[in-house]
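Participant: For reference, the structure I am asking about is given below.
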Amino acid sequence: MIEVKSERILQLTDPSLRTSGIPACEKRRVRNDKYFDNYDWPCIPRLKPSIYADKTFDLPDYNTFCEENMIDWSVNGQIAVLFGHDVMIWKSKEDITMVFNVRYPSALAYSPNGEYLAISCKTGEHPVVELWDVQSPSFSVQSGQIFEQKYNHILALAWDRPGTHLVCGSHFGTIFVLSAPNMNIIMKFHKHYLPITIIRFSPNRRYMASGDEEGNLVVYNWGSCSVHLYIYSRRGLRVVFDWHPWTDSDLVISEKVPASIILLHVPSKKIVGYYQQADRRTIINSISFSKLTGELLVSISNRIGNVNYNHKILVMASLDRVVDVIAFAHGNARFLVWSPDGTHVATSGNEDETLTMWNFCARNRKRFPQNAPYTPNFHLSECNFGSQFKKWNNVK
């Protein structure tokens, strides 16, 4: 059990990001090789800043403060976004936009192979998760699962890597594991007592982490379906987090106000690095790792005056190193989602109601250069749901 403490370390707005004389910054990671000695996590940053805006879409009435659960990008080039009661799907290959009216949609997620789109909405007063077949020319509802009225809404959805299980986080604090594509409930957990806002898998599916609206996190062992770690925040504010895409053990957690980033080594349950903004003018909206470079994207909002905010995305190679910034010269950018191949980033504007695709790195870039000694083996230690049990009892 870990409490995220409130030390104040570095400032995101400080261009030098000095670390000297600050005791907590001495908690640097110790690695077995020298390749990543200068970084707090495994990272092979791009040689120079190379981000540029590739495409911009005009989206009238678009909610700029769209949450990550409300947008997703499939391996087949489709982008799905929630607009109030509408689900908008853009098919990039055909350059076709389709709009569907759905009752109270709250989250969506594409399956890893792009064949299905899971959408949480409502039927009557009951929350439901529908599985749409988005491969056929005319989309159709393949199957679905209706939940009891007390669960109110399904706010977060996450697929496991093979696409055989869909994890759903409810407003009631309960997590359901559904089999796909038949959408039967095979397991449920109730470790949260507040609405669940985020669910993320580690790369090898060794762990699954969930967070609620007051910043409490639970890390599960996916193979045994048991709790590995509880993390509580003293501030009672929603947090965002992401797993490092190469290690399966590093979890970066961010609290919005005051802006802070915590690097947690999950197997040992130790905090190995962190910093915190000294004032409350900066808010962290989301964080996400690049699976190609290991760089961390930190979407922040700086308050200007009493009302206005300036939004931009910092690209960090380490806690003390900002290597690039994603922002318009006369506008703002908030991180939304990565393209499946990791080469593009989608952002929303501030007041211009736009969706912009940024070219982050070249398509021909290899994830790990030949001179890098660190090459994770994803296929050796992958963990399947309930692999440590011989059989399951269905949950009704």
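Participant: Return a whole-number percent for the relative contact order of segment 277-322, with Cα pairs under 8 Å and 6 or more residues apart as the contact set.
Facilitator: Values: 70 pairs, mean separation 13.9, N = 46.
Across segment 277-322, relative contact order equals 30 percent.
Participant: Any idea which of Met187, Val177, Pro162 is furthest toward the positive side of the dipole for segment 152-220, if Lys and Arg beta-carbons carry +1 and Asp and Glu beta-carbons -1?
Facilitator: Pro162
Participant: Under unit Cβ charges (Lys, Arg +1; Asp, Glu -1), what dipole magnitude, rounded to 20 debye, does segment 210-249 have relative to its Cα centre?
Facilitator: Details: 3 positive and 5 negative charges, 32 e Å.
Computed about the Cα centre, the dipole is about 160 debye.
Participant: Right, something else. Given the C-alpha centroids of segment 299-323 and segment 248-265, what is the distance between them in whole angstrom?
Facilitator: A separation of 16 Å, based on Cα centres.
Participant: What is the distance, in nm, between label points placed 7 Å from the Cα along the Cα-to-Cβ direction at Asn113 and at Ser268?
Facilitator: Roughly 4.0 nm, to one decimal.
Participant: According to the square roots a ≥ b ≥ c of the eigenvalues of the Cα gyration tensor, what is the shape class of segment 145-192, taking rounded for a/c under 1.5, prolate for a/b larger than b/c otherwise, and oblate for the remainder?
Facilitator: Here segment 145-192 falls in the prolate category.
Participant: Hey, another quick one. Can you list which of the chymotrypsin sites (Phe, Trp or Tyr not before Pro) found in segment 152-215 are DSSP loop residues with at most 15 other C-beta atoms within 10 Å?
Facilitator: Working: sites: Trp159, Phe172, Phe176, Phe189, Tyr193, Phe201, Tyr207; in loops: Phe172, Tyr193.
Listed in order of number, the matching sites are Tyr193.
Participant: Apply the a/c threshold of 1.5 to the C-alpha gyration tensor of segment 63-111 and tell me whether it is rounded, prolate or oblate.
Facilitator: Details: a/c = 1.85, a/b = 1.43, b/c = 1.30.
The shape class here is prolate.
Participant: Shifting gears a bit: Based on the Cβ-Cβ distance from Val257 to Gln149, what FRET efficiency comes out when R0 is 51 Å, to the nearest 0.05?
Facilitator: 0.90
Participant: Okay, next question. Using r as the Cβ-Cβ distance of Lys91 and Lys188, and R0 as 45 Å, what FRET efficiency do you calculate, to the nearest 0.05? Before the final figure, lay out each step's value.
Facilitator: Values: r = 35 Å, r/R0 = 0.77.
Once rounded, the FRET efficiency stands at 0.85.
Participant: Set the Förster distance to 45 Å, then compute FRET efficiency between Tyr104 and Asn38 from the Cβ-Cβ distance, nearest 0.05.
Facilitator: Working: r = 48 Å, r/R0 = 1.07.
That pair, Tyr104 with Asn38, gives E of 0.40.
Participant: Take the alpha carbon gyration tensor of segment 160-220, find the square roots of its eigenvalues, order them as a ≥ b ≥ c, and report rounded if a/c is under 1.5; if not, report prolate when a/b exceeds b/c, else oblate.
Facilitator: Working: a/c = 2.41, a/b = 1.36, b/c = 1.78.
Oblate, since a/c reaches 1.5 and b/c is not below a/b.
Participant: Find the centroid of the Cα atoms in segment 68-123 and in segment 174-205, then give the distance between the two in whole Å.
Facilitator: First find each Cα centre; the distance between them is then 20 Å.
Since every read-out is calculated from the coordinates, none of them should be taken as a lab result. None of the values given here were measured: they were computed from a predicted structure. Positions of Cβ are backbone-derived with ideal geometry, glycine not excepted, and every protein chain shown enters the neighbour counts.
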